[in-house]
Amino acid sequence: MPNPQEPKPVHAVPRAVPWARCLLLIPVVAMLWVSSYNRIEPTLAGFPFFYWYQLMWVLLSAVIIGIVHAMER
Amino acid sequence: MSGGINWTAAIVFVALFVLVTWIGFIAAHWRKGDLDQLHEWGLGGRRFGTMVTWFLVGGDLYTAYTFVAVPAVLFGAGALGFFAVPYTILIYPLLYVAFPRLWAIAHRHGYVTSADFVTGRFGNRWLGLAVSFTGILATMPYIALQLVGMQVVIGAMGIETSGWLGDLPLIIAFIILAAFTYTSGLRAPAMIAVVKDVLIYATVLAAIIAVPIHIGGYDKMFAAIPPAKLLLATPPADSYGAFSAYGSLALGSALALFLYPHSITGILSSSSAGVIRRNAVMLPAYSVMLGFLALVGFMAIAIGVGAMPAFADGFKRYGANFSVPALFLALFPSWFVGIAFAAIAIGALVPAAIMSIATANTFTRNIYRAFLNPACSDAQESQVAKIVSLVVKAGALVFIFALPLQFALYLQLLGGVWIIQTAPSVLLTLYARFLNGWALLIGWVVGFVLGTWMVVLNNWTPIWPLHVGGVTFPCYIAILSVIVNVAVSVVLSPLFNLRADARRAGAFEDYA
């Protein structure tokens, strides 16, 4: 049941920045384009490209979502 | 195991387990609410802020089974197992976009489950039943697999896990789990998740620092991996081969994840839509950890645990799932082995608790209240949910003791294919107003039957070799079957809408 004692604002609709959410497609495309990263060179700190590239995208995707969040707040 | 029980590890393990049990019981008094209300017992009163939600959802999605099975796939099959990383990258854009919306609707109407939303959105309790039934069916084998993670670490400490007596540690663990879930509801796993995370992060950190030092650097570790395991196989000219398999596994698993009842429970228990958005930014921290943890499978190859005589028995019993425990046993002092194994076992308790609460919520709301006893009081509803949470856990125990492990793995595979069939009803309807409940129900039936049939026909493997005009596109069956499901739902909806004279125009304002 909705909780009436704390009337917190319900942010159902964030501030609309029309194209902001298109940014969220970047990590999706990057990760589904598997042939672009199935390689060993260049290595980074001993990690083959396949591994460090995908780990890097974990961070990049968080940054991108963070940017979209900051824009819409 | 040779050498009997590892007492130091076992004592540390048991001590941490006792600590967590104590936390589980005192959690009932945390942010106290009336536990005779289903949203208090089963959603923690929707009061969890950003940090608690981070721990809870993290504990919920990154389960003990993940910790054991993902490195095991890298250990056994190589690079393909790394799909867990793109998979956990893809879930967060989806979380950010769709779930604050679902939360806001659920909050306004007092919904506790996704089936509540579907029932309310379409006024069609049969579609609600389909969503609820799918959720319960898909979650049961998932709970059972959490037990596998626990069984492996208990066995790895040298405690016999076969035979009647061997089942005892698991039974004790599950009685404890059942007792604190019953008394404290969702508050228990939320508090325990904090302890679990501290242990897990410590364990992973130790592995990614100590193991490369032992081997002589990450380059040496990767050099020890057979080339065939290091990368995906390059596809032949007329096929997308391992590439489309990898990508579609990641995408399908990501779409399926937040449809599981336990994910929805974790999300709906947060105190605002903003909490969910902030968590979409913060939760990827777990994916970094998961990525490094996956590499533990490679560390196990590099150390050569598979050839060590001390672990022969363990590998014979638990297969590749033994690779992570074996690595810790080989390299770390016993007290730390105790911490690492406790991290895995407690990592099983948290999701198992949330899963049993979530299935109990949906059974109670969408089957018991919707069909069996519409007039039940709030207290009765909460009581039924508590009892169902016990039944679900007992069922998981029986499952793991009575049936071969392979059966649970098959059902878990099917579970992903089944749960994704609720995506049109739960997610697409957040955006598409024209969809009709009956059309979605038919789409669900088609997707469910088609997906199941394809999995069985495909010898219980997830990748279907789709042939399109001379080109082979190996694709995760969940994706293929849900595409057909969406097509059926979209095509049939206008036809049903023509018939439906009462298009509930007013009610629609609240939704899409």
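The values are calculated or read from the model by the stated rules, or taken from the named source; none is laboratory data. Small disclaimer: the values here were computed from a predicted structure and weren't measured. Positions of Cβ are generated from backbone atoms using ideal geometry, with glycine treated the same way; all protein chains shown enter the neighbour counts. Each accessible area value is taken on the protein alone, full model and side chains, heavy atoms only, with ligands, DNA and RNA left out. Shrake-Rupley method; radii C 1.70, N 1.55, O 1.52, S 1.80 Å.
Among B:Val446, B:Val484, B:Val455, which is of a type in the set (A, V, I, L, M, F, W, C), in contact with a helix residue (DSSP H, G or I) (Cβ under 7 Å, 6 or more places away or on another chain) and open to solvent by less than 20 Å² (accessible area, probe 1.4 Å)? Walk me through it before giving the result.
Details: B:Val446 fails: open to solvent by less than 20 Å² (accessible area, probe 1.4 Å); B:Val484 fails: open to solvent by less than 20 Å² (accessible area, probe 1.4 Å).
So the residue among B:Val446, B:Val484, B:Val455 that is of a type in the set (A, V, I, L, M, F, W, C), in contact with a helix residue (DSSP H, G or I) (Cβ under 7 Å, 6 or more places away or on another chain) and open to solvent by less than 20 Å² (accessible area, probe 1.4 Å) is B:Val455.
B:Leu295 - would you say it is modelled with pLDDT of 90 or more, part of a loop (DSSP other than H, G, I, E, B) and either more than 17 Å from the chain's Cα centre (by Cα) or buried (at least 18 other Cβ atoms within 10 Å of the Cβ) (or both)? Here the answer is no, as B:Leu295 does not meet what is asked. Name every residue in segment B:362-372 that is within 10 Å of B:Ile136 (Cβ to Cβ) and touching a Leu at 6+ places or on another chain (Cβ under 7 Å), in order of residue number. Result: B:Asn366, B:Ile367. Scanning segment B:441-484 for residues that are within 23 Å of the chain's Cα centre (by Cα) and of a type outside the set (A, V, I, L, M, F, W, C) turns up B:Gly447, B:Gly451, B:Thr452, B:Thr461, B:Pro462, B:Tyr476, B:Ser481. Is it the case that some residue within segment B:304-311 is open to solvent by 10 Å² or more (accessible area, probe 1.4 Å), within 14 Å of chain A (Cβ to nearest Cβ) and touching a residue at least 24 places away in the same chain (Cβ under 8 Å)? Checked segment B:304-311: no residue is open to solvent by 10 Å² or more (accessible area, probe 1.4 Å), within 14 Å of chain A (Cβ to nearest Cβ) and touching a residue at least 24 places away in the same chain (Cβ under 8 Å). Summed over segment B:421-443, residues that are of a type outside the set (A, V, I, L, M, F, W, C) and open to solvent by 50 Å² or more (accessible area, probe 1.4 Å) total 2. Can you find even one residue in segment B:243-255 that is at positive phi and not polar (S, T, N, Q)? Among the residues of segment B:243-255, not one is at positive phi and not polar (S, T, N, Q), which makes the answer no.
Within segment B:213-247, the set of residues being surrounded by fewer than 21 Cβ atoms within 10 Å (Cβ to Cβ), within 8 Å of chain A (Cβ to nearest Cβ) and without any contact (Cβ under 8 Å) to a residue 24 or more places away in the chain comprises B:Gly217, B:Asp219, B:Thr234. Cβ-Cβ below 8 Å, separation at least six or inter-chain, first residue in segment A:46-58 and facing another protein chain (nearest Cβ under 7 Å) and polar (S, T, N, Q), second assigned to a helix (DSSP H, G or I) and open to solvent by less than 30 Å² (accessible area, probe 1.4 Å): which pairs? Listed by first residue and then by second, the contacts come to A:Gln54/A:Met31; A:Gln54/B:Phe82; A:Gln54/B:Val85; A:Gln54/B:Pro86; A:Gln54/B:Ile89; A:Gln54/B:Gly291. Scanning segment B:248-291 for residues that are within 8 Å of chain A (Cβ to nearest Cβ), open to solvent by 10 Å² or more (accessible area, probe 1.4 Å) and assigned to a helix (DSSP H, G or I) returns B:Leu251, B:Arg277, B:Arg278, B:Val281, B:Met282, B:Ala285, B:Val288. Answer yes or no as to whether B:Val20 is in contact with a Lys or Arg (Cβ under 9 Å, 6 or more places away or on another chain), within 30 Å of B:Gly319 (Cα to Cα) and either away from every other protein chain (no Cβ under 14 Å) or open to solvent by 40 Å² or more (accessible area, probe 1.4 Å) (or both). For B:Val20, the condition - in contact with a Lys or Arg (Cβ under 9 Å, 6 or more places away or on another chain), within 30 Å of B:Gly319 (Cα to Cα) and either away from every other protein chain (no Cβ under 14 Å) or open to solvent by 40 Å² or more (accessible area, probe 1.4 Å) (or both) - is met.
Would you confirm whether any residue within segment B:465-478 is in contact with an Asp or Glu (Cβ under 7 Å, 6 or more places away or on another chain) and exposed (fewer than 15 other Cβ atoms within 10 Å of the Cβ)? Checked against the condition, which is being in contact with an Asp or Glu (Cβ under 7 Å, 6 or more places away or on another chain) and exposed (fewer than 15 other Cβ atoms within 10 Å of the Cβ), segment B:465-478 yields at least one hit. The helices (runs of 4 or more DSSP H) falling completely within segment B:334-431 that include 1 or more residues that are within 15 Å of the chain's Cα centre (by Cα) map to B:334-363, B:378-402, B:405-419. Of the residues examined, B:Ala79 is not one that is more than 7 Å from chain A (Cβ to nearest Cβ) and open to solvent by less than 20 Å² (accessible area, probe 1.4 Å). Can you tell me which residue in segment A:14-33 is most open to solvent (accessible area, probe 1.4 Å), limited to those that are within 30 Å of B:Ala237 (Cβ to Cβ), assigned to a helix (DSSP H, G or I) and more than 7 Å from chain B (Cβ to nearest Cβ)? By that ranking, first place goes to A:Leu25.
Scanning segment A:34-52 for residues that are within 24 Å of B:Leu283 (Cα to Cα) and open to solvent by 40 Å² or more (accessible area, probe 1.4 Å) yields a single hit, A:Trp52.
Would you point out which residue out of B:Leu102, B:Leu95, B:Leu74, B:Leu147 is hydrophobic (A, V, I, L, M, F, W, C), open to solvent by less than 10 Å² (accessible area, probe 1.4 Å), within 11 Å of another protein chain (Cβ to nearest Cβ) and closer than 26 Å to B:Tyr410 by Cα?
Working: B:Leu102 fails: closer than 26 Å to B:Tyr410 by Cα; B:Leu95 fails: closer than 26 Å to B:Tyr410 by Cα; B:Leu147 fails: within 11 Å of another protein chain (Cβ to nearest Cβ).
Answer to the selection: B:Leu74.
Restricting the first member to segment B:445-471 and to residues that are assigned to a loop (DSSP other than H, G, I, E, B), and the second to residues that are surrounded by fewer than 12 Cβ atoms within 10 Å (Cβ to Cβ), the beta-carbon pairs closer than 7 Å and six or more apart or on different chains are B:Gly470/B:Asp238. A residue that is under 25 Å from the mean Cα position of the chain (by Cα) and either at pLDDT 85 or above or on the phi < 0 side of the Ramachandran plot (or both) can be found somewhere in segment B:207-224.
Condition check: open to solvent by less than 20 Å² (accessible area, probe 1.4 Å) and either touching a helix residue (DSSP H, G or I) at 6+ places or on another chain (Cβ under 8 Å) or in contact (Cβ under 8 Å) with a residue 40 or more places away in the chain (or both). Does B:Ser334 satisfy that? So B:Ser334 does not fit the description; no. Tallying residues that are among the hydrophobic types (A, V, I, L, M, F, W, C) and closer than 19 Å to B:Lys220 by Cα within segment A:27-54 yields 7.
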